[in-house]
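What follows is a set of notes on a single structure, which appears directly below.
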Amino acid sequence: MAEPPTQLPGHPATPPLDFSWNKGGDVFLGLVLTLCTLLGTPANVMAIRFFLKHYKTSSSRSNKQFFNGVYVLITLNDLLVSLTLFPVFVSLFLDRDKVLFSHSWFCGSWAVLWEIIPFYSVYLVGFLSFTRLTTLLNPNTTLPLYTIPLSTVLYIVVLAGCKGGAVALHYLQHSSSSCCHTPHKVFNFNTHSMYCFIFTRGFDDNDSWFMYSISSTVLMAGPIPLILTSCLVSLYKIRQATLRSKSLSSSVEMQRQASITIVIVTLVYLVYNIPVFLNYIAYTFASFHTDLEYRDMYGSSPALYYYAWVTSYVVCVALNALTNPVVYFLRMSAYRRFVLSEVGVKLMSGEETQSNSGYSSTKKEPLNLNKVINTAVRGQRL
């Protein structure tokens with residue numbers, strides 16, 4: 001079970017007291033990730049179908065269509081998370097053996113995908129939160145649909161430029177170097193992280209590592225204060241609007257519920273991703289502090305050394321992807337009816353439909369006998 005420590009970027013490997021991981025802890029995390037795959041995959045597929053259906057049927061160029069489009073991207077990203085967890089939990093079950101990660105093409109593909117997925121989640125949550133705040137501050141604003149693909153492309157270009165540019169810079173700096181006869185290895189797997197990531201020989205000794213580490217930390221943790229501020233302002237605006245009017249119209253109430261749902265989705269994301277934000281900040285700080293060993297950030301704890309990254313970067317992201325459809329189910333009555341109808345559960349015909357989260361349907365009124373009688377009498381008089 002024990003193995004020699006893997007050198008962390010920027011620092012020599014300093015063995016802690018006990019370099020071993022907990023087999024029971026690995027099995028537990030493996031079971032959690034398995035559950036996230038088995039439940040998260042069908043749940044997010046159903047959510048994609050629902051939001052895509054409402055995107056197509058919403059009024060053209062309306063804010064409702066806009067937010068349905070953003071939700072489609074969020075659920076697609078969550079589906080990718082659920083579908084790509086299997087190599088990690090397989091390794092956890094098999095005593096941290098590489099298994100699928102032993103194939104260089106698979107290791108590289110997974111590493112590239114997961115260099116994008118968690119960061120794209122930050123973008124989507126921030127985009128959702130900021131655009132909803134825009135409509136709260138100016139209710140007459142119509143959000144243009146083209147901003148969704150345009151901003152996505154721009155973000156991916158910036159992300160790829162920062163991370164890919166760092167690797168390219170490294171190779172340019174060392175292409176003529178004769179110090180290392182071993183071929184460069186772009187992607188690496190080790191037992192402390194439990195997944196493949198970008199790591200090249202000598203990557204930590206030059207400007208390329210500075211570019212990669214700083215850009216990753218800024219893109220991951222930098223937007224969080226802005227997203228949190230957007231959430232707080234949205235909550236204030238919602239409360240202010242509620243206090244101003246004791247009886248809200250159905251359309252205003254629908255918008256209020258939609259805003260609350262977006263705030264909940266944002267807060268759930270923040271709760272699950274606080275660990276990885278802190279990890280990135282700590283890792284970057286230690287990487288450029290010559291007198292500080294990264295492992296010392298966790299008090300030389302083998303448990304944190306072996307579980308900090310896999311828990312924060314993979315498990316928490318997976319739980320977030322599983323939780324989002326639960327939030328939709330609890331907050332959106334139309335989504336709830338869609339899910340229940342898909343699994344064959346019939347709702348009572350007299351059920352009153354709430355207009356939660358911007359998804360409403362016609363409320364079925366009970367039969368009014370007096371109205372029927374009066375109508376019949378008027379017909380006879382005619």
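The values are calculated or read from the model by the stated rules, or taken from the named source; none is laboratory data. These numbers were taken from a predicted model, which means no experiment stands behind them. No Cβ is skipped: glycine too gets one built from the backbone with ideal geometry, and neighbour counts run over all protein chains shown. When the accessible area is computed, the model is the full protein with side chains, heavy atoms only, and any ligands, DNA or RNA have been set aside. Shrake-Rupley method; radii C 1.70, N 1.55, O 1.52, S 1.80 Å.
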Can you report the number of residues in the stretch 49-65 which are under 23 Å from P144 (Cβ atoms) and either under 19 Å from the mean Cα position of the chain (by Cα) or outside any helix (DSSP H, G or I) (or both)? 7
Return the residues of the stretch 169-187 that are assigned to a helix (DSSP H, G or I) and either open to solvent by less than 90 Å² (accessible area, probe 1.4 Å) or modelled with pLDDT under 70 (or both); say none if nothing qualifies. L169, H170, Y171, Q173, H174
Odd one out for V271 among (1) modelled with pLDDT of 75 or more; (2) within 22 Å of the chain's Cα centre (by Cα); (3) within 30 Å of H170 (Cβ to Cβ): (3)
Within the stretch 98-117, how many residues turn out to be touching a helix residue (DSSP H, G or I) at 6+ places or on another chain (Cβ under 8 Å) and without any contact (Cβ under 8 Å) to a residue 12 or more places away in the chain? 0
Hits in the stretch 328-340 (condition: under 19 Å from L79 (Cβ atoms) and surrounded by fewer than 17 Cβ atoms within 10 Å (Cβ to Cβ)): none
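Right, A166: in a helix (DSSP H, G or I), more than 23 Å from the chain's Cα centre (by Cα), at pLDDT below 75 and surrounded by 13 or more Cβ atoms within 10 Å (Cβ to Cβ) or not?
no
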Within the stretch 54-75, tally of residues that are surrounded by fewer than 17 Cβ atoms within 10 Å (Cβ to Cβ) and touching a helix residue (DSSP H, G or I) at 6+ places or on another chain (Cβ under 8 Å): 1
Scan (1) in a loop (DSSP other than H, G, I, E, B); (2) modelled with pLDDT of 75 or more for the single condition V314 breaks and write down its number. (1)
Pull up the stretch 238-261, narrow it to residues that are out of contact with any Lys or Arg (no Cβ under 9 Å at 6 or more places or on another chain) and surrounded by 17 or more Cβ atoms within 10 Å (Cβ to Cβ), then point me to the one that is modelled with the lowest pLDDT. E253
Residue pairs qualifying under the 8 Å Cβ cut-off, at least six apart or on distinct chains, with the first in the stretch 272-285 being among the hydrophobic types (A, V, I, L, M, F, W, C) and the second being at pLDDT 85 or above, are V276/P118; V276/S312; V276/Y313; V276/C316; V276/V317; L278/S312
